[in-house]
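Here the structure comes first, spelled out in C-alpha cells, and everything after it is commentary.
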Amino acid sequence: MVVEVVRSGFVESTHRARMLAVEADGSPARVHGAVDALVSPRSSMKPLQALAMVRSGLALEGELLALACASHAGEAFHVDGARKILAGAGLDEGVLRCPEDLPEDAAAREEVLRSGGEKARIYMNCSGKHAAMLATCAANDWPVETYLDPAHPLQRAIRATVEELTGERVAATGVDGCGAPLFFVSMLGVTRAFRALVLAEPGTPERRVADAFRAHPEWTSGTARPEARLMRAIPGLLVKAGAEAFDAFVFEDGRAGTVKIEDGGQRARTPVTVAALRALGLDAPELDDLAAGTLYGGGHPVGEIRLRREPQGSAD
C-alpha cells in the first residue's frame, strides 16, 4: 500500500505502508505488508501500560485514566490533569523523569512562552503516563526514583501485561522517546491486544481503560488531533497513535487493526488508518477530510496526500 504526496499534479513523494484490519471475529479483512514482522508500536502501547497500572492498584477513573494513556498536546487541561494525578499520590513535578518540552499544541505553546514560561517535564506529551506510573509506584510503596528501569516492579508488570494481551513474547526491549522501556512485538500482536481491551467484561481493568479512553478522546491526544476526530466521528472507536507513524485501533464489536508507515512519515498515517476503517465498514462523513491531506503553496491548496489506487486484488 502506497501513499502519494501530490503537488501541482506531480507525485513529489511516496510512503509505503503496512496495514492489518480484522473483522469482529478476528479473521483478516485486509492485509498489506509484513504484519507478522517485529515493529516498535511506540505510544500505541500506552493503553496496555495503563492496564498494567490499573491491575497494580492505580486508582484513576474518567478523564485522568484517559490521560494515563495519552500522547497529549499539552493543552491546559492536559497539564492540569497530570498535576492532579501527581498531587493525588502526594507527589510533585520534581519526580517526573520524562524529558523537558514545550506543549505540542501551538496555542498552548504560545501561551507558555508569552507568559515567560519555558520547557518543563509536565508539558511533555507523555507526562500523563509518567504521572500515572509514579502514582502506581506510590500506591505500592515501590521506588519512584528508578520507575523507568526495566527491572523495576512496575516495568516488569507492564512487560507481563504486554506479553499476555499480545500473545507474544517481547522480542526486544528498547527505550522510548520519553525514557520508558519500549517493547518490540508484531502488528498481529498489537491488534490482538487492542481487541482484548474492548471485548473484556464491563468493570474489568481492561474495559475500564478502554471505556475511559473512548469516553474522553481529547484527553488521550488533543482537541484538534486526528485520533480524537476519528473517535468523535465513530462512537465506540478507540484509536491510539505512536511515534514513527504507527496507529492501532479497535471498535466496540472487536473490529480492529494496526497501521505502520515504513519510513515513519506521520503525514501518511491517518489516510491509511481511514482506509483500514473503511475496509471494515467503519465510516462517517467527517472522515473525508482525514482520508486525504491538503498541501499548500503560497497559502493556497496546491495538492494532496492520498492513497494510490492499487490494482484490484493487490495486497502490496
**Study point:** Subset tally (residues that are open to solvent by less than 10 Å² (accessible area, probe 1.4 Å) and touching a helix residue (DSSP H, G or I) at 6+ places or on another chain (Cβ under 7 Å)) for the range 127-147
**Key:** 10
**Study point:** Which numbered condition Arg207 fails, given (1) over 30 Å from Glu61 (Cα atoms); (2) out of contact with any Pro (no Cβ under 6 Å at 6 or more places or on another chain); (3) surrounded by fewer than 22 Cβ atoms within 10 Å (Cβ to Cβ)
**Key:** (1)
Point to revise | Only listed residue being closer than 23 Å to Glu244 by Cα, at pLDDT 95 or above and β-branched (Val, Ile, Thr), chosen from Thr146, Thr136, Thr166 | key: Thr166
Point to revise | Scan of the range 240-274 for residues that are closer than 15 Å to Val22 by Cβ and open to solvent by less than 20 Å² (accessible area, probe 1.4 Å), ordered by number | key: Asp247, Ala248, Phe249, Val250, Gly254, Ala256, Gly257, Thr258, Val259, Thr273
Point to revise | Pick from the range 113-126, criterion in contact (Cβ under 8 Å) with a residue 12 or more places away in the chain and assigned to a helix (DSSP H, G or I), ranking: least open to solvent (accessible area, probe 1.4 Å) | key: Ile122
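Take the conditions within 29 Å of Arg195 (Cβ to Cβ) and touching a residue at least 60 places away in the same chain (Cβ under 8 Å) and apply them to Leu148. Does it pass?
On the way: within 29 Å of Arg195 (Cβ to Cβ): yes; touching a residue at least 60 places away in the same chain (Cβ under 8 Å): no.
Against the criterion (within 29 Å of Arg195 (Cβ to Cβ) and touching a residue at least 60 places away in the same chain (Cβ under 8 Å)), Leu148 does not qualify.
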Check your understanding: Going by the structure shown, is Ala279 out of contact with any Leu (no Cβ under 7 Å at 6 or more places or on another chain), open to solvent by 20 Å² or more (accessible area, probe 1.4 Å), within 20 Å of Gly33 (Cα to Cα) and among the aliphatic types (A, V, I, L, M)?
Key -> yes
Exercise for review: Tell me which residues, restricted to the range 1-30, are in contact (Cβ under 8 Å) with a residue 40 or more places away in the chain, under 30 Å from Ala66 (Cα atoms) and not small (Gly, Ala, Ser).
Suggested key: Arg18, Met19, Leu20, Val22, Glu23, Asp25, Arg30
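Of all helices (runs of 4 or more DSSP H) completely enclosed by the range 41-90, which ones contain at least 2 residues that are closer than 19 Å to Ala224 by Cα and open to solvent by less than 40 Å² (accessible area, probe 1.4 Å)?
So the answer is 62-68, 76-88.
Does Ala138 satisfy the condition of being over 27 Å from His78 (Cβ atoms) and aliphatic (A, V, I, L, M)? Please lay out each step first, then the result.
On the way: over 27 Å from His78 (Cβ atoms): no; aliphatic (A, V, I, L, M): yes.
It is false that Ala138 is over 27 Å from His78 (Cβ atoms) and aliphatic (A, V, I, L, M).
Any idea how many residues of the range 14-40 are within 30 Å of Ala135 (Cα to Cα) and either open to solvent by less than 10 Å² (accessible area, probe 1.4 Å) or hydrophobic (A, V, I, L, M, F, W, C) (or both)?
Going residue by residue through the range 14-40, those that are within 30 Å of Ala135 (Cα to Cα) are 39-40.
Among the residues that remain, those that are also either open to solvent by less than 10 Å² (accessible area, probe 1.4 Å) or hydrophobic (A, V, I, L, M, F, W, C) (or both) are: 39.
Residues flagged as within 30 Å of Ala135 (Cα to Cα) and either open to solvent by less than 10 Å² (accessible area, probe 1.4 Å) or hydrophobic (A, V, I, L, M, F, W, C) (or both) within the range 14-40 amount to 1.
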Check your understanding: Exactly one of (1) over 17 Å from Ser43 (Cα atoms); (2) crowded, with 22+ Cβ neighbours inside 10 Å; (3) among the hydrophobic types (A, V, I, L, M, F, W, C) is unmet by Ile234. Its number?
Key -> (2)
Exercise for review: Might you let me know whether the range 169-179 holds any residue that is among the polar types (S, T, N, Q), open to solvent by 10 Å² or more (accessible area, probe 1.4 Å) and within 24 Å of Ala37 (Cβ to Cβ)?
Suggested key: yes
Practice item. Answer yes or no: is there a residue in the range 99-107 that is in contact (Cβ under 8 Å) with a residue 40 or more places away in the chain and within 15 Å of Cys178 (Cα to Cα). Key: yes
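So, Lys129, is that one within 29 Å of Arg207 (Cα to Cα) and touching a residue at least 60 places away in the same chain (Cβ under 8 Å) or not? Please lay out each step first, then the result.
Values: within 29 Å of Arg207 (Cα to Cα): yes; touching a residue at least 60 places away in the same chain (Cβ under 8 Å): yes.
Criteria met by Lys129.
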Point to revise | the range 285-296 residues that are without any contact (Cβ under 8 Å) to a residue 24 or more places away in the chain, paired with ones that are open to solvent by 100 Å² or more (accessible area, probe 1.4 Å) and acidic (Asp, Glu) (beta carbon under 9 Å, 6 or more apart) | key: none
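Sort out which residues of the range 93-112 are within 20 Å of Trp219 (Cβ to Cβ), assigned to a helix (DSSP H, G or I) and open to solvent by 50 Å² or more (accessible area, probe 1.4 Å), and write them in order of number. Step through it out loud before you land on a result.
Kept after step one, since they are within 20 Å of Trp219 (Cβ to Cβ), are these residues of the range 93-112: 93, 96, 98, 101-109, 111-112.
Still in the list and also assigned to a helix (DSSP H, G or I): 93, 106-109, 111-112.
Passing the criteria: Glu93, Ala106, Ala107, Arg109, Glu111.
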Check your understanding: Scanning for something part of a strand (DSSP E or B), more than 20 Å from Glu206 (Cβ to Cβ), aliphatic (A, V, I, L, M) and modelled with pLDDT of 95 or more, does the range 248-270 turn up at least one residue?
Key -> yes
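Give the residues of the range 23-40 that are part of a strand (DSSP E or B) and under 24 Å from Ser221 (Cα atoms), sorted by residue number. It would help to see each step written out before you state the result.
Here is the first cut: in the range 23-40, the ones part of a strand (DSSP E or B) are 28-32, 38-39.
Selection gives Val39 alone.
The values are calculated or read from the model by the stated rules, or taken from the named source; none is laboratory data. All values derive from a computational prediction rather than experimental measurement. All Cβ positions, even for glycine, are placed from backbone atoms using ideal geometry, and neighbour counts span all protein chains on display. Surface areas here come from the heavy atoms of the whole protein model, side chains and all, with no ligands, DNA or RNA. Shrake-Rupley method; radii C 1.70, N 1.55, O 1.52, S 1.80 Å.
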